[in-house]
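The values are calculated or read from the model by the stated rules, or taken from the named source; none is laboratory data. Predicted model only: the values in this text are computed from it and were never measured. Every residue, glycine as well, gets a Cβ built from its backbone with ideal geometry; the counts of neighbours run over all protein chains shown. In case anyone asks, the SASA skips ligands and DNA or RNA and just uses the protein heavy atoms, side chains included. Shrake-Rupley method; radii C 1.70, N 1.55, O 1.52, S 1.80 Å.
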Amino acid sequence: MADEVKIDKDAFNTRLSQFISAWKNDKRQSNDALFGGAGSIVVLMGKNEEVPTFHKNNTMHFWLLGYEFPATLMVFTLEALYIVTTAKKAKHLEPLKGGKIPVEILVRGKDAEQNAKHFEKCLDVIKGAGKKVGTIPKGTSTGPFADEWKKSFGEISKEVEEVDISLALSSAAFAIKDETELRSMRTASRACTGLLSEYFVEEMSSILDAEKKVTHKELADKIDKKLDDTKFFKNLKTKLPPDFDNSQLDFVYGPTIQSGGNYDLKQSASADDSNLHAGIIIAGLGLRYKSYCSMVARTFLVDPNNSQESNYKVLQSVQEILIREARDGVTIKDLYNKALGVIKAKRPQLEKHFAKTIGSGIGIEARDSTLLINAKNTRALRDGMTLNFAPSFADLENPEPQDKKSKMYSLFVSDTIRVKSRSEDAANFTKSAPLDLGAISFYFKEDEEEQTSPQKGKSKKDPKIGAVASSNVVKTKLRAERTKQINEGAELRRREHQKELAQKKQQQGLELYTEAAGDANGVTQKKFKKFESYKRDNQFPSRVADLVIVVDVKASTIVLPIMGRPVPFHINTIKNASKSDEGEFSYLRINFLSPGQGVGRKDDQPFEDANAHFVRSLTFRSTDADRMQDIAQQITDLRKNAVRREQEKKELEDVVEQDKLQVIRSRKPTNLDNVFVRPGLDGKRIPGEVEIHQNGLRYSDHRGSQIDILFSNIKHLFFQPCTHELIVIIHVHLKDPIMIGKKKAKDVQFYREATDMAFDETGNRKRKHRYGDEEEFEQEQEERRRRTQLDKIFKSFADKIELAAPGEDKFGVDVPFRELGFNGVPNRSNVLCQPTTDCLVQLTEPPFMVLTLDEIEIVHLEHVQFGLKNFDMVCVFKDFHRAPAHINTVPVESLENVKDWLDSVNIAYSEGPLNLNWSTIMKTVVADPHQFFVDGGWSFLTMESDDEGEVEEEEESAFEMSDEELAASDESSEDESEFDDDASADEGDASDEESAGEDWDELEKKAKKKDREGGLDDEDTGRKKKR
C-alpha cells in the first residue's frame, strides 16, 4: 500500500459500532430474521482483479476503510473484529485500535507455520461464536491467500453451517447512507449530468445538424477523454463543490450510446461501431467518485412521430411516479406495481414491453442485487437509501418508420435518487438532466420543410402575430362614464347585502359592548412608574462632597447642591436644562416636570400625587461659563438617552421570546437553498437556506446568522409566484413580533430572484442557423420554463411547511389573487394590493402589508366624488385601540372591483367625498363603545355619503353655487382633513380636469336660457366685452 493511505479512524469506529449494534438488535428483537442466526461473519479478499469489480466483500472494505486491502481476511463477531493481513497493510490498520469494538490484527509473514496458526485462531473464534457463520456465497476472491483460507475453512465446514449474509450487509451497512456518502454521490451525479447535458447533447446535436458520420464508439471515447478535462468540470452550470477532484472520477457504466434499431438496455452494454442514427438515441453513463456511484441515462427523440412521443410520455410518467412514491416504509414490489399501474391506465399495450427489473440499489456497488426494483422484492425502503430507477420499454414497433433502421426502437431513462421520509418526495440527484419531452426532442426536418416550401408557411397565419389586444380596448374614453358601466341588478343586490351587513354589525356592537366598557377620554390611562437614584448614602459619587453639580450617568441622576447638601434628582423628573449668560456670570436653569405644564398631546405625564407641591425650576450661577455649558449638554444627552430607552422598551413590549427550536438531528432536514430573507440580516446581502425542523423553521447563512420561526407563532403563510414579478416569495406573517438583529419584525419573507438562475443565454441546444425573432422566442420560452420551475419548487416547499406543522398550530398556504388586485399606497410607494382567501396583502415591497379580513370591522372609501381620479380606502379593525389602516390613491377604475370584492367577503363598507379625522373618531369610539353603538354606530358614515349625494344632485340641477361659497367649502374641507400631505395630495386639483357631465350643446342651451332670464343676450354680452 502507498504511504499516503489515510484511514478515517472516527468513520471506521462509528460504522463498525453501527454494524455490530444492528447485528445485536437483530438477535434481540427480530429473532435473527436478517442475519440468519450467524454468530460470526467472514469477509475474504483475494488478489487484485485485472478489471476492478465491486462485490459485497470489497464493498465492505471500502465502507469501513475507504480502501480495498487485497489478500486480507476479516472475521466479525458480536464482541470483536479479527483481521489477517500482511505487515505492510497492518501498519495502516494499527491506528484503528482503541475503539468501542476491539480490533485484533494478525500479521502474516513468510513463516508458513505462523500463518497457519493465524487461520487456526480465526477458525477457533468462528466455532466459539456459534454453529452458524455468515459468508458471501457469490464471492469472487481468488489467489494463493484465498485458496489457503478456503482449504483451512474446509476442515471445519462440517462443524458449522454457512449462512448467506449479503442481505444483512446491505441492510445494516451499505444501503442507508450517511451525509459523507450522500455528498460523494451528489458530486458524482452532478458530474454525470454535466457530461450528458452539457457535453454529449451539444456534440450529438452538432453531428446530426452537420449530418456527419460518427460511430457510437468514437462518440463514447470523446466522453471518456472528457473525464480528464479539469477546465470543463470547473465551468459546469451544475456547480461542483470547491474541493472537487476530477482525478477521483471513474466510469462504472458506459458511456454507452445506441441508435439505429439495435438497443441493449443491460448495465453491461457498451458502444458499438455503428454510426449515430437520427432517430431514437439512447445515451447513458455512470461515474464513481470517492468510491460512490451515480448513473443517468436519457432517450433523445429526433424528429419523433406522435406514437413515439406518446410512448415516451408514458415512460416519463412512470419515472415521475417512481420518484414521487419512493418513501420510507414503501415495499419495493408495491413501488413496481404502482409504476405498472400507470402503464395499464395510460397505454396497456406497452405492458408487455416493460422491463421486469427497473433499477436497483446504488452506492459503493453500482448494482446492489438485494435491492432490485421488481415485482418480487418484498424489502421495504428506508430513509437514506439511494436507488437507481431505470424503467424502459424494449422492442417497440414504429408505425411510421423513416427508414429501415427506424422500424424498431426502445425507450430508456435512468436517474439516481435518495429516499426521504414518509411525508417527502425522493431527492433526484440527476434532475439537472431534463426529462420532459420538450427538452429531449430535436426537430431538424422542420427547418428543411420551411426552406423548401416558403409559400406554404405564409398561408398559415399565426394568430399571436398582429393580434389586437382586445382587453385593452375600452368602450368609452372618459373615466366618469367608464365607472358607470355596471350591472344595475348586481349593484342593487350588493346594496341590499350591505344593508344586512351594516345591521348585523350594529347588533353585534350592542351585544358585545356593555355600558361599563371603554377608556376615559378615549385614551388608556398611563400609570406612574416609581424610580429611585440611590438606595444608600454610600452610593453617591465621591465628587458630591465638593458641593458641585454632578451628572451621574450610571445612575441616570443629577446631584444638585441645595442648602449645603447634595440632593439627587432622577433624569425622569427633569424636563430640560438651558444655559444663559448675563454679564460676567453664566446661569444654568433646570426645569422639572410638573402637572399642567404639557400642551396638547404632551400633557400625559403621570404623577403619583398631582395635588402635591412641585418645584418648577432651579437656577445656578457661576463664573465658569464652559462648565455650565458642559453640564447643560450632559443633562440634555442624558435626557435624550432616557427617552430613547423608554421608546425602545415600549416598542419591544409586544416582542415575545419564542420557545427553543427542536432541531432534527436524525436526518438532514427538508431545506430550500439559495434564498434571501427580508428583513435582511446585518452585513452584506448573501443567500442562505431555510430548513423545516420539528416545531418550526430555521433560516441560516454561511456567516452563522440564524432566524428561528416556530410553527406556533405563524399566523399566515403565503406563497406568491413570480408571474409578472421579479421574485418568487414564501412569506410568513407572525402572531407576535420577533427580534431579527436589533429590530423587531412581524413579517419574515424568503425569496429568490426569478432572473438569478444560471442558464444558457446563447440559445437552444437544437439551434441551427437561427437569428432574430426566432431566437428571442426560444429565449422567452426558456424564461417561462425557468419561472414555472421556480414557482413549482417554492410552492412545494410551502406545502411541506404546511404539512410539517402540528394540528394545534395548523395553517394553510394562501396564494394572492392577482386578478382581484388593485394599486394603492399603503405606506410610501404605489404597489399592487392583492386579496387572498383570508387577507389583503402587499408582499412585494417592504414595509409589507398583511390585513387579516376577520379582524376588519368596516371599510370606508374616502374621496369618492365625481371627477376625481383616485380614492382612499380606510380599514377599521375590530380592536378599536388599533389605528385604522389606510390605502391611499387607489385608481377610481378599481372602485367597482373593490366594492364587489368587499361584498363577496362579507365586509361592510361605506363611502364618502371627504377625508375624515380618524384619530378623533376612534377616540370617541374607544371612550364609550356602548354609547357609540347606541347612537347608531357606523351608520353616520353611510348617512354622510347619502346626504352628500342629495346635495350634489340639487347643485347639479340648480347651478347657483357662487365662487365665494365654493372657496369656503374648499377651506372647510381642508380644515377638517388631518391626513398627511402624501395621502392624496394631487387629487384636489383633479376635480376641474376632464369632468364629463352634459355635452357642449346642452351646456350652451342652458347658458342661453340663463342669459335670457337675466335680461342679457349675445349682442349685449358682445358689446360689454368690446368696451
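Say we look at region 724-754 and pick out the residues that are part of a loop (DSSP other than H, G, I, E, B) and touching a helix residue (DSSP H, G or I) at 6+ places or on another chain (Cβ under 8 Å); which of these is nearest to Pro687 (Cα to Cα)?
By that ranking, first place goes to Ala754.
Evaluate the following for Leu167: is it in contact (Cβ under 8 Å) with a residue 40 or more places away in the chain, open to solvent by 20 Å² or more (accessible area, probe 1.4 Å) and in contact with a helix residue (DSSP H, G or I) (Cβ under 7 Å, 6 or more places away or on another chain)?
For Leu167, the condition - in contact (Cβ under 8 Å) with a residue 40 or more places away in the chain, open to solvent by 20 Å² or more (accessible area, probe 1.4 Å) and in contact with a helix residue (DSSP H, G or I) (Cβ under 7 Å, 6 or more places away or on another chain) - is met.
Give region 828-879 a look and list any residue that's open to solvent by 20 Å² or more (accessible area, probe 1.4 Å), of a type outside the set (Val, Ile, Thr), assigned to a loop (DSSP other than H, G, I, E, B) and over 18 Å from Glu896 (Cβ atoms), or say none.
Across region 828-879, the qualifying residues are Arg828, Ser829, Asn830, Asp838, Glu845, Pro846, Pro847, Phe848, Lys878, Asp879.
From the list Thr476, Thr514, which one is hydroxyl-bearing (Ser, Thr, Tyr) and modelled with pLDDT under 50?
Only one candidate qualifies: Thr476.
Assuming Asn906 fulfils every condition listed in (1) in contact (Cβ under 8 Å) with a residue 60 or more places away in the chain; (2) surrounded by fewer than 20 Cβ atoms within 10 Å (Cβ to Cβ); (3) not in a loop (DSSP other than H, G, I, E, B) apart from one, which condition is it?
That leaves (3) as the condition not met.
Which of the residues that make up region 407-431 are modelled with pLDDT of 90 or more and small (Gly, Ala, Ser)?
Passing the criteria: Ser410, Ser414, Ala427.
Is it true that Ile562 is among the aliphatic types (A, V, I, L, M), open to solvent by 50 Å² or more (accessible area, probe 1.4 Å), modelled with pLDDT of 75 or more and over 57 Å from the mean Cα position of the chain (by Cα)?
Considered against the rule, which asks whether it is among the aliphatic types (A, V, I, L, M), open to solvent by 50 Å² or more (accessible area, probe 1.4 Å), modelled with pLDDT of 75 or more and over 57 Å from the mean Cα position of the chain (by Cα), Ile562 comes out as yes.
Just checking, which of Phe145, Phe54, Phe69 is open to solvent by 30 Å² or more (accessible area, probe 1.4 Å) and closer than 27 Å to Val252 by Cβ?
None of the others qualify; the one that does is Phe54.
Scan region 801-813 for residues that are buried (at least 17 other Cβ atoms within 10 Å of the Cβ) and assigned to a helix (DSSP H, G or I) and jot them down.
Of everything in region 801-813, those that are buried (at least 17 other Cβ atoms within 10 Å of the Cβ) and assigned to a helix (DSSP H, G or I) turn out to be Ile801, Ala804.
Restricting to region 883-912, what's the tally of residues that are out of contact with any strand residue (DSSP E or B) (no Cβ under 8 Å at 6 or more places or on another chain) and over 18 Å from Leu853 (Cα atoms)?
The number of residues fulfilling the criteria is 2.
Can you name every residue in region 368-397 that is within 19 Å of Arg298 (Cβ to Cβ) and not in a strand (DSSP E or B)?
Across region 368-397, the qualifying residues are Ile373, Ala390, Pro391.
In this structure, does Met185 turn out to be out of contact with any Gly (no Cβ under 8 Å at 6 or more places or on another chain), open to solvent by less than 10 Å² (accessible area, probe 1.4 Å) and touching a residue at least 12 places away in the same chain (Cβ under 8 Å)?
No: the conditions fail for Met185.
Gly254 passes all but one of (1) surrounded by 17 or more Cβ atoms within 10 Å (Cβ to Cβ); (2) touching a Ser or Thr at 6+ places or on another chain (Cβ under 7 Å); (3) of a type in the set (Gly, Ala, Ser); which number fails?
Failing condition for Gly254: (2).
Residue check, Glu159 against (1) acidic (Asp, Glu); (2) surrounded by fewer than 16 Cβ atoms within 10 Å (Cβ to Cβ); (3) part of a helix (DSSP H, G or I), all met but one. Which one?
(3)
Has region 592-610 got any residue that is assigned to a strand (DSSP E or B) and modelled with pLDDT of 75 or more?
Looking through region 592-610, at least one residue is assigned to a strand (DSSP E or B) and modelled with pLDDT of 75 or more.
Residues that are touching a strand residue (DSSP E or B) at 6+ places or on another chain (Cβ under 6 Å), buried (at least 18 other Cβ atoms within 10 Å of the Cβ) and closer than 25 Å to Thr788 by Cβ: does region 704-714 have at least one?
no
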